[in-house]
Structures are given as C-alpha cells and as structure tokens.
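The values are calculated or read from the model by the stated rules, or taken from the named source; none is laboratory data. As the structure is a computational prediction, the values presented were derived from the model and not from experiment. Here the Cβ positions follow ideal geometry from the backbone for every residue, glycine too, while neighbour counts run over all protein chains shown. All accessible areas refer to the heavy atoms of the entire protein, side chains included, with ligands and DNA or RNA removed. Shrake-Rupley method; radii C 1.70, N 1.55, O 1.52, S 1.80 Å.
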Amino acid sequence: MMRASPIDDHNPLVLSYLGIRRAIGLSGLFLPIVLGPIGWLFLGIEIQDNMSSYYHTPLRDVFVGTLCAMAVFLYCYRGYGRIEDWTANVGCASALGIALFPLDYGSDPLFQRSLVGYVHSFSGGIFFTTLAVYSLYHFPTREHSRPGMASHIAERNFIYYTSGVVILLSLIAMGSYLMLLPASWKRWLNEYNYLFWMEWVAVWAFAAAWLAKSRMILTEIGIDLLAYSRRFVER
C-alpha cells in the first residue's frame, strides 16, 4: 500500500494533493452537523449517544459513506516518507473499520456484545490517534522542512498543535468517561449526549488542521487574521 513521493503543490492531478486535504477536512467539518442538528431538525432523529450510534438510524448511509470516503482519501494521500505513508494507511484501515464494523445497538462502546462491536471501538480509537499524529507531527514538520512553501508558518503550526492537543484531550475525556466514571455519573452525562459532543470537538479539531493545510481560501483568511493579531499584540 505504499505510494510514490509527493508531487509539487501546483501540479494538476485528477485527485490533487491539496484537493485530498480539503476533502478530508470538509468531510470532518460537515459530518457532525449532518448527523446531529440536520438529522434532528429535518428527519426528527434525536441526538444519539455517540456518532457511531447513527449507524442504527436512517442516517446510516451518511455515516458509513463519509467514513468510507475518508478512507479512500487517506489511501490516496501521498506522504513525505514511509512513516507518513504508513500513518495514512493506518488511518485508511481504521476509518474502514469504523464504517464496516458497526457498534452494537444500544451498547456502551467499552462493553460490546460482539467481536464486530469491539473492532469498531478499537478502530475509532486508532482513527482519532492517527489524526492527532498528523496534527502534532506530520503537518508541523512539513512546514519547517519546506521553507518558503508556506506563509505564516508560526500561525499554521499553532493551528496544527492546537488541533492535535484538542484531539488528545478529547480522547482522554472520552476514555475517562468510559473507564473511570461510576455508572451514576455516566448515566447523568449520557442525558446530555456527552460522547457525541466530545467526538464533535475531536472531529472539528482535525478538520481545522486539514483545512489549514489545504490552503483553502477561508482558512487562509483566518490565518492572516491570526498573524495580524499576533503582530498587533507584539507591538
């Protein structure tokens, strides 16, 4: 599953390098919105305990399709070396694991009734960890190793590192909820769909990093504003 070395950002391809980044980022940006608010407002689907539970709702195809698309995009993504290639491969495999091995209906992600459910839970943890690795290691490293290829490197790295830290903190928060909290507390937090909102935070964090890396116009404006604010404070 190894791929060729990355191409120049300005070389047009059917699946462009920047286009894949945008596709991954936009998929993460819109997935929780479609599953949560849009599903509730237009389809009458209550907010679920976690995003994986949408597999058992009419929005199953949206959930599965988006994860499969992310898997394809990650497989097509060209890294800057073997480590980044394998990171993409692991992300691809874990996204497919989430999509094709559903969480058991009405279950706690930590305690499944089937092997399929456990594969799903394991894949979810690996997927988010993979995305944190991109934000904390691959993206900032690439900016430093290619001087002159990106403007506002400090601001971009701030976004990448912040994204990675938020993903890790979300994973810790979800892991603590699943493994450390007493049942009474879990039931109370479940009333507010705690896991769903924590997953939303993690998904949007990785979406921010991939969109910033993609040089999308709106993210470039945001980065310019961040750089201007930093210069204003330093005066």
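Table for the structure above
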| read-out | value |
| --- | --- |
| Accessible area (Å², 1.4 Å probe, nearest 10) - T87 | 20 Å² |
| Relative contact order of the range 50-141, pairs being alpha-carbon contacts under 8 Å that are 6 or more residues apart, as % | 25 percent |
| Lys/Arg +1, Asp/Glu -1 at C-beta; the range 77-211 dipole; positive extreme among Y118, G81, H138 | G81 |
| Where chymotrypsin sites (Phe, Trp or Tyr not before Pro) fall in DSSP loop in the range 14-115, at most 15 other Cβ within 10 Å | Y80, Y105 |
| Inter-label distance for T57 and L169, nm, one decimal - labels placed 7 Å from Cα along Cα-to-Cβ | 2.7 nm |
| Ranked order, V203, V34 - accessible area, probe 1.4 Å, largest first | V34, V203 |
| Estimated FRET transfer efficiency (Y80, E191; beta-carbon r; R0 45 Å; 0.05) | 0.50 |
| Value of relative contact order over the range 44-104, rounded to a whole percent, pairs C-alpha under 8 Å and six or more apart | 38 percent |
| Simple label model, 7 Å out from Cα along Cβ direction - V201 to A69, nm | 2.7 nm |
| Label-point separation in nm, L180 to F30, each point 7 Å along Cα→Cβ | 3.7 nm |
| Solvent-accessible surface (1.4 angstrom probe) belonging to R22, in square angstrom, nearest 10 | 80 Å² |
